[in-house]
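Asker: My questions all concern the structure below.
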Amino acid sequence: MSKINLQLDQKSAYVLLEAMTNEIARWRAMTEETVGEDALADYGNDMIHLLDTYEQLKDTAVKEFGEHILDFTRGE
């Protein structure tokens, strides 16, 4: 399998982590609504890859930028 390496500055990592967090929540909500067996299997497989990618990015970003990189409250 081919791979790509991506370099992100702090803002790019923050935006990508926030987007991935929102997408994970959206996919979880859709699978809880039971979208059908075939769709559920597709989302399940994609969710595994998304969560793995998210965890790798999160771990790297926290080491590089600190825990505050995961604070998506935007002053709320």
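Asker: Across the stretch 8-19, in residue order, what do the Karplus-derived ³J(HN,Hα) couplings come to in whole Hz, using 6.51 cos²θ - 1.76 cosθ + 1.60 with θ = phi - 60° and x for Gly and Pro?
Answerer: Once rounded to whole Hz, the list reads 10, 7, 4, 5, 5, 4, 4, 5, 5, 4, 5, 5.
Asker: With a Förster radius of 22 Å, plug the Cβ-Cβ distance of LEU70 and ASP38 into 1/(1 + (r/R0)^6) and report the FRET value to the nearest 0.05. The partial results should precede the final answer.
Answerer: On the way: r = 34 Å, r/R0 = 1.53.
Rounded to the nearest 0.05, the efficiency is 0.05.
Asker: Provide the per-residue ³J(HN,Hα) series for the stretch 51-64, in order, calculated from phi with Karplus coefficients 6.51, -1.76, 1.60 and θ = phi - 60°, each as a whole number of Hz, with x at glycine and proline positions.
Answerer: Values per residue, Gly and Pro as x: 5, 5, 5, 4, 4, 5, 5, 4, 4, 5, 5, 5, 4, 7 Hz.
Asker: Taking Cα Rg over 2.2 N^0.38 Å straight from the coordinates, which label in (1) 1.66; (2) 1.60; (3) 1.26 is the correct one?
Answerer: Among (1) 1.66; (2) 1.60; (3) 1.26, the one calculated here is (3).
Asker: Just rank VAL15, VAL62, fewest to most, by other beta-carbon atoms within 10 angstrom.
Answerer: Values: VAL15 12, VAL62 15.
In increasing order of surrounding Cβ atoms, one gets VAL15, VAL62.
Asker: Let me ask another. Could you please rank SER2, SER12, placing first whichever residue has the fewest other Cβ atoms within 10 Å of its Cβ?
Answerer: Fewest-to-most ranking of SER2, SER12: SER2, SER12.
Every number here is computed from the coordinates shown, using simple stated rules; none is lab data. No experiment lies behind these values; they were computed from the predicted model shown. Every residue, glycine among them, receives a Cβ derived from its backbone with ideal geometry; neighbour counts consider all protein chains shown.
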